[in-house]
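All remarks here apply to the structure that follows.
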Amino acid sequence: MRAVIIYNSLTGTTEKAAHRIASELKALRVEATPVPIAEVDEATVADVDLVIVGTWTDGIVIVGQKPAGKKKLRNLPSLAGKKAVVYCTYAVDPGHTLDKLVAEVAAKGADVIGGFAIARHDLVGDVAEFVDRLTPELAGA
């Protein structure tokens, strides 16, 4: 199985999460490549079985949370026919960031099968749980 982890990072937390996800997936024998959102093109997603999209939570601390970089998300190539999973990183509260991110990725044509909010203060634990939740999907692919 091949996966691409597309990430949008401001402070490095979402990028760290992407690399940690890739590492944990590789331990499960999944070929996983993290790619910054600015470098994504049609070739990036052409031959993958799973697209993982991650961004940081933007907005005021406890209101108005949303996925960062909506314009970048909307500029992603078509994800038609691809299974996708999303994640967001957050400091205090992700609010409705995941729901909004699911909608953005689904609008690109992907079949979004799940999402997970990753707390900045528990990156290691939350990434492990995220990958654990993905494991049944990976087995079915």
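The values are calculated or read from the model by the stated rules, or taken from the named source; none is laboratory data. What you are looking at is a predicted structure, and each value in this text was computed from that prediction instead of being measured. Positions of Cβ are generated from backbone atoms using ideal geometry, with glycine treated the same way; all protein chains shown enter the neighbour counts.
Could you tell me whether any residue of the stretch 62-84 is under 23 Å from residue 132 (Cα atoms) and either hydroxyl-bearing (Ser, Thr, Tyr) or free of Cβ contacts under 8 Å to residues at least 12 places away in the same chain (or both)? Checked the stretch 62-84: no residue is under 23 Å from residue 132 (Cα atoms) and either hydroxyl-bearing (Ser, Thr, Tyr) or free of Cβ contacts under 8 Å to residues at least 12 places away in the same chain (or both).
With the structure loaded, tell me whether residue 33 is β-branched (Val, Ile, Thr), modelled with pLDDT under 95, outside any helix (DSSP H, G or I) and surrounded by fewer than 22 Cβ atoms within 10 Å (Cβ to Cβ) or whether it fails that test.
Details: β-branched (Val, Ile, Thr): yes; modelled with pLDDT under 95: no; outside any helix (DSSP H, G or I): yes; surrounded by fewer than 22 Cβ atoms within 10 Å (Cβ to Cβ): yes.
When the stated conditions are applied, residue 33 does not pass them.
Close Cβ contacts (under 7 Å, 6 or more residues apart or on different chains) running from residues in the stretch 19-40 that are within 8 Å of residue 5 (Cβ to Cβ) to residues that are assigned to a helix (DSSP H, G or I) and of a type in the set (Gly, Ala, Ser) comprise 32/22; 33/22; 34/18; 34/22.
Each row is one residue, and each column tells you yes or no for (1) touching a Ser or Thr at 6+ places or on another chain (Cβ under 6 Å); (2) assigned to a strand (DSSP E or B); (3) buried (at least 20 other Cβ atoms within 10 Å of the Cβ).
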{"position": "4", "(1), (2), (3)": "yes, yes, yes"}
{"position": "7", "(1), (2), (3)": "yes, yes, yes"}
{"position": "17", "(1), (2), (3)": "yes, no, yes"}
{"position": "24", "(1), (2), (3)": "no, no, no"}
{"position": "45", "(1), (2), (3)": "no, no, yes"}
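Filtering the stretch 69-78 to residues that are surrounded by 19 or more Cβ atoms within 10 Å (Cβ to Cβ) and either acidic (Asp, Glu) or touching a helix residue (DSSP H, G or I) at 6+ places or on another chain (Cβ under 6 Å) (or both) leaves only 73. Restricting 100, 66 to those that are surrounded by 17 or more Cβ atoms within 10 Å (Cβ to Cβ), part of a helix (DSSP H, G or I) and of a type outside the set (S, T, N, Q) reduces the list to 100.
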